[in-house]
Each structure stands twice: as structure tokens, then as C-alpha cells.
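Chemist: My questions all concern the structure below.
Any read-out appearing in this document is the output of simple, stated calculations on the displayed coordinates, not a laboratory observation. What you see is a predicted model; the values in this text were computed from it and never measured. Note that we place each Cβ from the backbone using ideal geometry, even for glycine, and neighbour counts take in every protein chain shown.
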Amino acid sequence: MLSTEVIGKTQQASHIENQAFWKKHLEQFALSKTSRANYCRNQKLNYARFQYWYHQLNSAIKKHKQPLIPVKIATLETQPTLLCSVNLKSGHQLRVYDRSVLSELLKQFS
């Protein structure tokens with residue numbers, strides 16, 4: 001008979017293989033521009049398993065997101081020298097006046 005340790009390692013390896021399989025499909029799904037149901041139908045995948053892994057992997061991604069950077073609102077009288085400005089796709093502009101904030105932003109995007 002197999003020991004509990006061997007069974008546990010086999011199940012863990014199977015889980016990792018499943019995770020890699022579904023991660024690959026989720027990446028392909030994101031590029032497909034189709035619904036989850038249509039993607040599963042076209043790929044002959046079990047929709048319930050797809051949903052399970054969709055939520056599992058998306059919740060794992062959310063847990064690893066970077067923390068927010070504190071924002072300080074300066075009045076016109078106390079506004080220091082502009083260090084950097086970024087034009088966003090939304091049409092808004094991000095202006096950075098604080099060296100520590102600029103340093104943190106550069107760490108996050110590098």
C-alpha cells in the first residue's frame with residue numbers, strides 16, 4: 001500500500017499540473033474575446049471546472065496585488081516642484097511632487 005506521504009505528494013503534483021493546465025486555458029480565454037461558455041464549448045472543456053479554476057486563479061491574483069500608495073493633496077500655496085507627470089489612457093494626468101512617492105511608483109512599475 002502507498003503511504004500517506006506518497007499519496008499527498010501525488011495529489012500535490014496533480015494539483016500543480018491541473019493549475020498549469022487551467023492557467024494556460026485562462027490565458028487563451030482572455031485572448032479569445034468570447035464568453036466563458038463558448039470558450040469551453042469550443043475547447044471541449046468542462047464548464048464547471050473552468051469556472052472553478054477561473055475563480056481560484058483570479059482570487060490568487062487579487063491576493064498578490066500591490067498595496068496602494070498614499071496620496072497627499074497639496075494646496076497651491078504649498079505645492080512643491082513637479083518631479084514627474086504621466087498622461088493616463090483615461091485622459092487624466094498623474095502628477096508626482098514627492099520623491100518617496102516617485103521612488104515607490106518606479107519600484108512598482110519596474
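Chemist: Quick one: which of 31-37, 48-54 comes out on top by average Cβ neighbours within 10 Å, and what's the full order, highest first?
Modeler: 48-54, 31-37
Chemist: Can you tell me the length gained on complete extension of the stretch N58 to L82, counting 0.36 nm per residue apart and subtracting the Cα distance?
Modeler: Using 0.36 nm per residue and subtracting the Cα-Cα distance, I get 5.0 nm.
Chemist: Continuing with the same structure: What FRET efficiency do you get for S90 and N38 if R0 is 41 Å and r is their Cβ-Cβ distance, rounded to the nearest 0.05?
Modeler: For S90 and N38, the calculated efficiency is 0.85.
Chemist: Please work out the FRET efficiency for the pair V101 and Y47, using the Cβ-Cβ distance as r and a Förster radius of 41 Å; give the result to the nearest 0.05.
Modeler: So the FRET efficiency works out to roughly 0.40.
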